[in-house]
1. If I ask for residues that are exposed (fewer than 14 other Cβ atoms within 10 Å of the Cβ) and more than 19 Å from ALA63 (Cβ to Cβ), which ones from segment 73-92 would you list?
2. For the subset of segment 94-115 comprising residues that are of a type outside the set (A, V, I, L, M) and more than 22 Å from THR69 (Cα to Cα), which member is surrounded by the fewest Cβ atoms within 10 Å (Cβ to Cβ)?
3. Count, please, the residues in segment 67-95 that happen to be of a type in the set (Ser, Thr, Tyr) and closer than 17 Å to SER120 by Cβ.
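Read-outs: derived from the displayed coordinates by stated rules, not from any lab. What you see is a predicted model; the values in this text were computed from it and never measured. Counting neighbours? That spans all protein chains shown, and the Cβs are built from the backbone with ideal geometry, glycine included.
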Amino acid sequence: MATRDQLRARTVPAIARLARSRDVRSTFAEVTNEPGDQTIIPVLPDDTVGYVLDRLREAGGTAVLVLLTAQTCQIAALLPASEARIAVAEEDGTVTPVHEDCQVDMFFHYLARVGTATISRVTAKLVDHGPLQLT
């Protein structure tokens, strides 16, 4: 049985093919860290939001989150939430109370409904959600 890290690593070739797509490249450019690096966090459906937030902290606060299954590709941009965005979200009650034990696939289902969410001082923006097409 493969370890979870090995299972995540198996998605890297598919993610690389996606990164060569013009539509996806613009998303990757949006989430560039200070030195010009782009971090991609490949996740499994049952990984937790806590796992994602830990990887995001290691990445410097900006990353592309990619969940690939046999049938779908889901991509979200993760960016630091500005103080203004956090203040507005707190004022209008739109801060998303996502528990760190929440599974990533559930989080993507939520993003599919709302588009953008503010969680734990992070703005998560759904970029792509649908059938996997690696042509």
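1. To start, the set of residues in segment 73-92 that are exposed (fewer than 14 other Cβ atoms within 10 Å of the Cβ) comprises 82-84, 87, 90-92.
Correct list: GLU83, ALA84, ALA87, GLU90, GLU91, ASP92.
2. Checking each candidate, the answer is PRO97.
3. Qualifying residue count for the region: 2.
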